[in-house]
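Below you'll find the structure, written out as structure tokens, and then a few comments.
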Amino acid sequence: MTISVRPVHQVSDNQEFLTILQANLPSLPHDRRFQWLYCDNPDGPAFSWFALQGAPQQIIGVTSLFPRSMWVGGKLKMCGQVGDFAVSASHRSLGPAVLLQRATFDPVNSGELAFCYDCPPHQAGMSTFRRLGIQPNCKVHRYALPLRVDSQLRKRLGAASRVPAAAGNLLLRLQRLSAPKTKAKDIQVADHPGAFGEEFSKLDEAVKGPNTIRGRRSAALLNWRYRANPLQQYELLTARRKGELIAFAVLRTTNEVVTIVDLFGTELHGAAFSLVAAIVERFQKSHQTIDAYLSEGHELVAHFLKMRFQLRSEVAQVVAYAKPQAAVSEFLQKGPIWSFSQTEVGA
């Protein structure tokens with residue numbers, strides 16, 4: 001039967017939309033995140049599409065495109081990130097998936113968005129792009145800084161792990177202490193429990209690169225992503241010099257892992273070390289690992305490696321689409337640096 005794609009009408013199609021999302025992406029609490037993610041984004045409401053088949057038409061797939069304002073070569077552009085891509089188990093062939101992927105190009109071809117991008121976490125997710133003849137623009141990797149070995153050794157040795165765990169923890173601490181020291185004495189790191197103010201917008205505008213693509217970090221977007229998020233709580237550390245904000249780090253914690261969701265600012269050669277040193281000091285007795293997600297070419301990669309972070313795994317490939325012959329398409333073809341952290345990759 002013929003498969004077609006049509007836009008989702010968020011009001012009249014709301015219940016069907018939530019039903020197919022919950023059926024195909026059951027690990028996410030869609031009813032709790034829908035208003036925040038699809039409607040309250042300061043960059044604008046999401047674009048969404050259904051894949052349909054038969055008469056009466058049966059919904060067999062869905063995808064969405066979330067607006068993302070980004071700095072592209074030093075200029076602010078409205079772009080979009082593909083997310084909540086799902087096809088029903090009975091129709092998981094390339095046909096519906098390719099049609100849905102093509103639909104996400106429509107706002108780009110019409111000029112509403114400068115480009116759109118997807119972040120497939122594995123090779124299977126690249127199948128639609130291979131069919132469309134689109135290559136990945138960059139890869140995103142996970143870097144890890146081990147803090148303790150208790151949990152790992154406990155799984156292997158049980159009660160006998162106490163002594164070797166103590167020795168292992170001491171060795172890790174000595175390795176961290178031996179890392180090159182670039183901490184600036186005049187940088188003060190502190191918690192920031194309140195809202196993101198306009199100083200964060202000014203910091204965002206101060207960090208521009210003529211050959212770089214990165215997500216915007218205005219106060220409105222940061223408050224929406226990290227303070228209004230209905231599913232997750234975040235901790236925020238700021239780095240200041242004489243009271244002036246020069247960098248910040250956003251953290252998410254689980255029982256064993258601290259994830260640096262975002263680390264951003266100016267003078268990162270000193271600010272990054274100061275922020276990571278504060279994170280290590282806070283969590284070295286309670287957590288096993290500090291994780292960070294960085295794209296190829298990100299300036300933080302060199303700093304993190306100096307601080308004894310280790311490259312662990314590839315977590316995503318960034319695949320972008322721009323309208324052919326458009327100025328942004330030509331810019332992408334020149335191989336700019338994708339300065340992505342988990343902020344840009346995560347929905």
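The values are calculated or read from the model by the stated rules, or taken from the named source; none is laboratory data. The model shown is predicted, which means the values in this text are computed figures rather than measured ones. When we count neighbours, we look across all protein chains shown, and the Cβ atoms used for this are built from the backbone with ideal geometry, even at glycine.
Points to keep in mind about this one:
- If the condition is being assigned to a helix (DSSP H, G or I) and either touching a strand residue (DSSP E or B) at 6+ places or on another chain (Cβ under 8 Å) or crowded, with 20+ Cβ neighbours inside 10 Å (or both), then region 306-347 contributes VAL328, SER329, PHE331, LEU332, GLN342, THR343, GLU344, VAL345.
- Any hit, region 251-270, residues being outside any loop (DSSP other than H, G, I, E, B), over 14 Å from ALA195 (Cβ atoms) and of a type in the set (Phe, Trp, Tyr): yes
- Matching residues in region 253-287 - criterion: being surrounded by fewer than 19 Cβ atoms within 10 Å (Cβ to Cβ), touching a helix residue (DSSP H, G or I) at 6+ places or on another chain (Cβ under 8 Å) and more than 22 Å from LEU221 (Cα to Cα): GLU256, HIS269, VAL280, GLN284
- Region 1-119 holds helices (runs of 4 or more DSSP H) entirely within its bounds, and those carrying 2 or more residues that are surrounded by 14 or more Cβ atoms within 10 Å (Cβ to Cβ) and more than 20 Å from the chain's Cα centre (by Cα) map to 14-24, 94-103, 106-109.
- The single condition from (1) surrounded by 15 or more Cβ atoms within 10 Å (Cβ to Cβ); (2) at pLDDT 80 or above; (3) of a type in the set (D, E, K, R); (4) out of contact with any Asp or Glu (no Cβ under 8 Å at 6 or more places or on another chain) that ARG142 fails is (4).
- Some residue of region 293-302 being of a type in the set (A, V, I, L, M), outside any loop (DSSP other than H, G, I, E, B), surrounded by fewer than 20 Cβ atoms within 10 Å (Cβ to Cβ) and free of Cβ contacts under 8 Å to residues at least 24 places away in the same chain: yes
- Boolean, ASN211 is closer than 24 Å to SER295 by Cα and exposed (fewer than 15 other Cβ atoms within 10 Å of the Cβ): yes
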